[in-house]
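Notes for the one structure printed next.
The values are calculated or read from the model by the stated rules, or taken from the named source; none is laboratory data. Given the structure is predicted, the values throughout are model-derived calculations rather than measurements. Ideal geometry is used to build each Cβ from the backbone, glycine not excepted, and the neighbour counts take in all protein chains shown.
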Amino acid sequence: MDLELLFNQNKENTIQGRYITLENIEPLLNKESLKKDVTIIGESVLGKPIYSYQKGSGKTKIYLWSQMHGNESTTTKALFDFINLLNNGSDLAKDLLNRFTFYCIPMLNPDGAKLYTRANANNIDLNRDSQDLTQPESKILRAVFEDFKPDYCFNLHDQRTIFGVADTGKPATVSFLAPSYNEEREVNESRLKAINLIAGITEVLQNYIPGQIGRFDDSFNINCIGDTFQYLGVPTILFEAGHYPDDYEREKTRKFVFMSLLTSFIILNENVIVDNRNDKYLNIPQNNVVFFDFIYKNVKINYDGNEIITNFVAQYKEELIDNKLNFNAYIVEVGDLKKYFGHFEYDAKGALYQDDFDNLPKIGQIANFNFDKKVFFLNGKIKK
């Protein structure tokens with residue numbers, strides 16, 4: 001099966017980039033081909049509608065939700081790409097719809113999406129509210145779970161650019177987790193189903209992004225929704241859409257999330273997992289915080305009258321200004337930094353650091369500077 005071709009054929013081109021709001025997806029949900037399967041299932045803190053999309057008549061029930069964190073939109077794009085596939089009339093779509101019933105919440109946190117924040121309008125992280133259920137969005141997610149009674153849950157998220165695959169120097173473009181159901185992180189029948197499925201997805205995905213697939217930390221936290229659903233006996237899979245080189249808009253990553261979703265349902269449909277794949281799951285390298293967006297090495301600075309050679313790093317801060325997302329690079333650390341990698345790396349080879357301030361790379365300072373007044377950097381990048 002040509003997963004790349006299927007993505008290109010079904011990509012929803014009306015939504016692009018990182019800033020995806022309710023206003024972006026409502027026209028899709030109101031399309032003639034979709035709206036008969038769309039329901040408003042509740043409201044956010046600020047009274048915005050929370051939509052569900054349900055399709056299929058199959059026995060196996062799949063529950064998917066995205067943008068629980070408002071600024072994590074990559075999986076929302078991939079979910080609509082997959083919804084397009086379900087509606088394209090192909091034999092594959094018919095097969096999936098006969099085998100599965102899909103229940104999707106494309107945007108659980110529309111208030112956070114509009115503000116481009118992780119939390120909801122009450123500044124609550126919905127992924128830490130699965131027990132207290134203090135927020136309307138959390139209550140909706142849980143009510144659907146109890147009413148729909150899914151066989152599998154797909155918890156769809158983004159992760160920051162700081163994550164790499166162990167210490168390989170490769171970014172964690174897509175990471176997965178079969179959440180623990182207890183403090184001891186034991187593997188029961190339910191968790192094993194999630195583990196086996198992740199192992200199968202990873203096996204396919206390695207053909208497209210070899211070495212760029214990570215495994216998320218499985219420390220148990222009952223306040224997290226994935227841990228709660230796993231504890232309640234439903235196999236749950238955490239998707240983390242991460243960084244692909246030069247893909248800060250996450251348009252390439254959305255493709256790999258789409259491939260992962262489709263692969264998971266093909267695996268379940270074909271019943272190709274018949275053994276215990278825990279060893280293969282554990283062989284997926286763990287995520288590690290090893291990356292910065294920019295690393296500048298072997299930089300000469302004048303410090304208290306002494307010339308020293310050091311390194312420093314800058315990181316993008318995603319800032320919403322006039323409803324437009326800006327990636328602004330700020331210096332965040334100065335020092336040895338030998339254990340870290342940069343998505344962009346520059347060796348200054350002893351050139352002197354200079355800027356329009358104090359000629360020192362200072363934490364919190366915008367990344368505008370030059371080396372020997374020969375190579376100039378604007379917002380972290382070499383100025384053309």
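When V45 is tested against (1) buried (at least 19 other Cβ atoms within 10 Å of the Cβ); (2) part of a loop (DSSP other than H, G, I, E, B), exactly one condition is not met: (1).
For the range 165-183, the criterion of being among the aromatic types (F, W, Y) and under 25 Å from Y53 (Cα atoms) is met by at least one residue. Residues considered: L192, L197, L205. Of these, the only one that is buried (at least 17 other Cβ atoms within 10 Å of the Cβ), of a type in the set (A, V, I, L, M) and under 16 Å from V165 (Cβ atoms) is L205.
With respect to the conditions (1) touching a Pro at 6+ places or on another chain (Cβ under 8 Å); (2) within 30 Å of N71 (Cα to Cα), A329 falls short on a single one, namely (1).
Go through the range 61-99 and report how many residues are in contact with a Ser or Thr (Cβ under 6 Å, 6 or more places away or on another chain), within 21 Å of L5 (Cβ to Cβ) and in a loop (DSSP other than H, G, I, E, B). Count: 1. What about E32, is it surrounded by fewer than 16 Cβ atoms within 10 Å (Cβ to Cβ) and in the same structural domain as E146 (by TED's automatic domain parsing)? Yes. Of all residues in the range 48-68, those being on the phi > 0 side of the Ramachandran plot and touching a Pro at 6+ places or on another chain (Cβ under 8 Å) number 1. Regarding Y116, is this residue surrounded by 20 or more Cβ atoms within 10 Å (Cβ to Cβ), in contact (Cβ under 8 Å) with a residue 24 or more places away in the chain, in contact with a strand residue (DSSP E or B) (Cβ under 8 Å, 6 or more places away or on another chain) and in the same structural domain as N221 (by TED's automatic domain parsing)? For Y116, the condition - surrounded by 20 or more Cβ atoms within 10 Å (Cβ to Cβ), in contact (Cβ under 8 Å) with a residue 24 or more places away in the chain, in contact with a strand residue (DSSP E or B) (Cβ under 8 Å, 6 or more places away or on another chain) and in the same structural domain as N221 (by TED's automatic domain parsing) - is not met.
Rundown of residues vs (1) in contact with a helix residue (DSSP H, G or I) (Cβ under 7 Å, 6 or more places away or on another chain); (2) under 30 Å from S219 (Cβ atoms), yes/no style:
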{"position": "I284", "(1), (2)": "yes, yes"}
{"position": "V289", "(1), (2)": "no, yes"}
{"position": "I295", "(1), (2)": "no, yes"}
{"position": "D304", "(1), (2)": "no, no"}
{"position": "N323", "(1), (2)": "no, no"}
{"position": "K339", "(1), (2)": "no, yes"}
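Among the residues making up the range 145-158, those that are in contact (Cβ under 8 Å) with a residue 24 or more places away in the chain, surrounded by fewer than 21 Cβ atoms within 10 Å (Cβ to Cβ) and out of contact with any Phe, Trp or Tyr (no Cβ under 6 Å at 6 or more places or on another chain) are F145, K149, D151.
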